[in-house]
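Scroll down for the structure; my scribbles are underneath it.
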């Protein structure tokens, strides 16, 4: 009980300090960006949802064509992971209701669309859910490395383009990876259950 009370008392100090670090890091990234790369980062950020939702659909289609039940099962797992991450991110956004950085700090340059609330980053959540679930389903370095490189670049693009704080991106990555891991555990549990 004493530890919880201490945490509650110190929370305003830590949150104020972490907010200062958050905006300082965002300013360093956003205000010092190479503006010639804005189009590239917009394309990268816009790839998050189509790639995250398209990949399991394509995998499932290939599984149907090849009559490969393992591929179809992996596609369902990857799809469930992305959907779970998206749902959790949306719930968190609408519960926490953190405003976008360009709204709170007018010096932040908004270079792409930023819709609802800020925390966590939904694009980053989708990207890390896909990268983590694909890495679990296909544990080969030549799949894992590009998947996480793309996911990390999507997360960075959200800060570069001025629509998310670093903590939004970090929480998006945790949400995405966590959703993939939980869906993996749930799938294993379901597969172990005796069938009637």
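Odds and ends about this structure:
- Additional length obtainable on full extension of the chain from residue 36 to residue 189, 0.36 nm per residue less Cα span: 50.2 nm
- Segment 16-55 versus segment 71-111: alpha-carbon centroid distance in Å: 14
- The modelled label-to-label distance for the pair residue 46/residue 182, using points 7 Å beyond Cα in the direction of Cβ, is 3.2 nm.
- When all alpha carbon pairs of segment 43-128 are counted in 10 Å bins from zero, the resulting P(r) reads 17, 36, 27, 14, 5, 1 %.
- Over the Cα atoms of segment 29-68, the radius of gyration divided by the Kirkwood radius equals 1.33; this is the Rg/Rh ratio.
- Computing FRET efficiency as 1/(1 + (r/R0)^6) for residue 27 and residue 94, where r is the C-beta to C-beta distance and R0 is 25 Å, gives about 0.40.
- Cα convex hull of the chain, projected area averaged across orientations, nm²: 14.7
- Calculated FRET efficiency for the pair residue 20/residue 57, C-beta based, R₀ 30 Å, to 0.05: 0.10
Since every read-out is calculated from the coordinates, none of them should be taken as a lab result. Computed from a predicted model, the values in this text were never measured in an experiment. Virtual Cβ from ideal backbone geometry, glycine too; neighbours counted across all protein chains shown.
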